[in-house]
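What follows is one structure encoded as structure tokens, with my remarks underneath.
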């Protein structure tokens, strides 16, 4: 196995387990995951390039260029070049994963190898979500969150403030806040279920235990987010597996995970202190009763209106935005172009960061990837099962795309998005034939 694939596997584990792991050198954090991506690219460049084409390739290259120009545009207003240059590096690196993944996934063994690393990382996050949510185990989670190397944002302080809560709270992981972790788990869960296919995947006993644990703990981890969007994404994965896939391992996997969750809730009761269903009830009621009177609910509606008003006020933002560097600074100059609007959607955040044309491109990329994966899901070959898995992963992040902005505003969110697109890009080479060993 080549070194590039090994480094990519470790990077994917870190992406789904602890993407913020870093050391701070002066004012700038140095993320371990960035170094792993660079190492994977270094060794990947030594491999012969495969003849793979995809309509998404030109769009991603265009987004790279616009992201570069947008950060420089923003630098003109904040009068600082160091932070935008750093942001450009991390953004371009995240987008480049669209090209790195298909360069290394040359056969089914490579895909299985990477899915195993993703499954292990997802299991870490799902377990942490549960430990940090449940009252009896919250102290254990705090020990992990108090390690600055793993969690430089200081989630341990959050756990300290809520350590004495008598009932469940929203879980957290080393990925970040609950809703973001929930969607990472949603994206990885189909890959875990993919590895249950004994007729196509040969795993050791240890990996079988990891896969079995991931199958049942992923739904619990998503529930521990107590995020309507994440839970909606999980339900979309279940529905997609039952309605559109032909793989028995995918269908049985979602049923096993779903039934385990339902039985557990039924046995313990929805009013148990082990759950935090009150939040779901309250937020759902606010959504239906008077959504525009609630700031959070109104923000999700206005996220599809404010970008048009913003572009009308600043026509240049139809083409380029002001980047993301400004959002990581303690203070920025008060300039009208920084007065944006609701951003609870990729469309909105992409408009503010990279321009409205780029926002449309993000939506087109997700739609094209879904259609491309769907094209092959009826096949019975390995390629067909691979396509079914990626289709479910994309379906699981659609609500995140519609109701959140991390795919644009956060490097780790962008990494997840472009990794998924990269896995779909592999289908352009495999086409209608099965992947050869």
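Here are the numbers:
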| item | result |
| --- | --- |
| The chain - percent relative contact order, Cα under 8 Å, separation 6 or more | 22 |
| Projected label distance in nm at residue 292 and residue 271, using a 7 Å step from Cα toward the beta-carbon | 3.7 |
| At 1.567 mPa s and 4 °C, Stokes diffusion of the range 60-159 via Kirkwood alpha-carbon radius, µm² per second | 76 |
| Order of 363, 215 under a 10 Å beta carbon neighbour criterion, fewest first | 363, 215 |
| Kirkwood hydrodynamic radius over Cα pairs of the chain, then Stokes diffusion coefficient at 10 °C and 1.306 mPa s, in µm²/s | 71 |
| Sites residue 318 and residue 255, calculated FRET efficiency, Cβ-Cβ separation with R0 51 Å, nearest 0.05 | 0.65 |
| Pairs of Cα atoms farther than 18 Å apart, the range 312-437, % | 57 |
| Within a Gaussian network of the chain (alpha carbon springs, distance under 10 Å), most fluctuating of 261, 15, 123 | 261 |
| Gaussian network model of the chain, Cα within-10 Å springs - most flexible of 393, 381, 125 | 381 |
| FRET efficiency, 1/(1 + (r/R0)^6) with R0 35 Å, evaluated for residue 202 and residue 137 via beta carbons | 0.55 |
| Between the range 318-374 and the range 36-81, the alpha-carbon center distance in angstrom | 16 |
| Of 142, 208, 170, the one that fluctuates the most in a GNM where the chain has Cα springs shorter than 10 Å | 208 |
| Ranking of 177, 101 by count of other Cβ atoms within 10 Å, fewest first | 177, 101 |
| Order of 174, 366, 149 - criterion: other Cβ atoms within 10 Å of each residue's Cβ, fewest first | 149, 366, 174 |
| Calculated FRET efficiency for the pair residue 284/residue 305, C-beta based, R₀ 25 Å, to 0.05 | 0.65 |
| Cα centroid separation - the range 266-280 against the range 122-137, whole Å | 16 |
| Residue-span extension gain [residue 264 to residue 235] - 0.36 nm each, minus C-alpha spacing | 8.7 nm |
| Two-decimal Rg/Rh across the range 1-122, once Rg and the Kirkwood Rh are taken from alpha-carbon atoms | 1.01 |
| Near-label residues of the range 226-257 by backbone N, under 11 Å of a point 7 Å along Cα→Cβ of residue 363 | none |
| Normalised alpha carbon radius of gyration of the range 329-392 [divisor 2.2 N^0.38 Å] | 1.71 |
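Read-outs: derived from the displayed coordinates by stated rules, not from any lab. Keep in mind that what you see is a predicted model, and the values were worked out from it rather than measured. Glycine gets a Cβ as well: all are built from the backbone with ideal geometry, and neighbour counts include every protein chain shown.
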